[in-house]
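Structure first, then comments.
Taken together, the values in this text are just the output of simple stated rules run on the coordinates, not laboratory data. None of these values were measured; they are calculated from a predicted model. Here the Cβ is made from the backbone with ideal geometry for all residues, glycine too, and neighbour counts use every protein chain on show.
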Amino acid sequence: MKKPLGTETNSLQTATILSVSPANDDCLALQRIFENGSDWAAYTKCRWSLIARRTLASALTSLRQLRIRVVLCERELLPGSWLDMLEQIAALPDPPLLIVTSRLADERLWAEALNRGAYDVLAKPFDRTEVVRVISLAWLHSNIRREVPA
């Protein structure tokens with residue numbers, strides 16, 4: 001008998017998502033969203049793992065050491081901003097997709113982020129459905145991008 005989708009986690013690949021934010025609330029909210037892996041598995045056939053970093057420097061260390069395809073980055077870092085993160089990841093051999101997060105996620109930020117090369121923008125406080133949708137689509141887009149020859 002087949003198990004319901006999302007319950008067969010032994011054969012699932014693990015997808016690591018990096019969150020960069022100086023705010024503890026962001027990390028806690030994302031951890032709660034990531035706790036129920038069946039939502040993620042239904043979309044992407046992956047187990048999800050969250051790594052949280054508070055600074056640009058510590059995030060860059062993680063990006064050099066781990067295989068990360070999606071980065072969530074707070075608009076304002078201390079020091080720096082999402083633009084600094086975008087510049088740094090563009091220099092990596094296999095750059096991850098960047099999703100900007102902000103309490104002030106207005107049309108201006110969204111237009112600037114997309115025009116500069118970010119994948120998307122997520123408004124805070126985080127909405128579980130929106131976070132799952134945006135990260136899942138970014139993950140799938142990242143996989144397709146790697147499969148298509150340049």
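Extending 7 Å from the Cα toward the beta-carbon at both Arg116 and Leu66 defines two label points whose distance is 2.4 nm.
Distance between the pseudo-spin-label points of Ser81 and Glu35 (7 Å out from Cα toward the beta carbon): 3.5 nm. Restricted to Cα atoms, segment 88-150 shows a radius of gyration and a Dmax of 12.7, 38 angstrom. As a proxy for reagent exposure, Thr101, Thr14 were ordered by neighbouring Cβ count within 10 angstrom, fewest first; the result is Thr14, Thr101. Summarising the amide proton neighbourhood of Leu77: residues at separation of 5 or more, or on other chains, whose placed amide H is nearer than 5 Å comprise Trp82.
When peptides 53-59, 111-117 are ranked by their average number of other Cβ atoms within 10 Å per residue, the highest-first order is 53-59, 111-117.
When you count the other C-beta atoms within 10 angstrom of each residue and take the mean per peptide, 15-28, 87-100 line up highest first as 15-28, 87-100. Taking every Cα-Cα distance in segment 45-150 and sorting them into 10 Å bins from zero, the calculated P(r) comes out as 14, 49, 33, 4 percent.
For segment 20-26, putting each phi into the Karplus relation 6.51 cos²θ - 1.76 cosθ + 1.60 with θ = phi - 60° gives couplings of 10, 7, x, 8, 4, 4, 4 Hz, in residue order, rounded to whole numbers and with x for Gly and Pro.
Among Arg32, Arg69, a tally of other beta-carbon atoms within 10 Å of each Cβ gives an order, fewest to most, of Arg32, Arg69.
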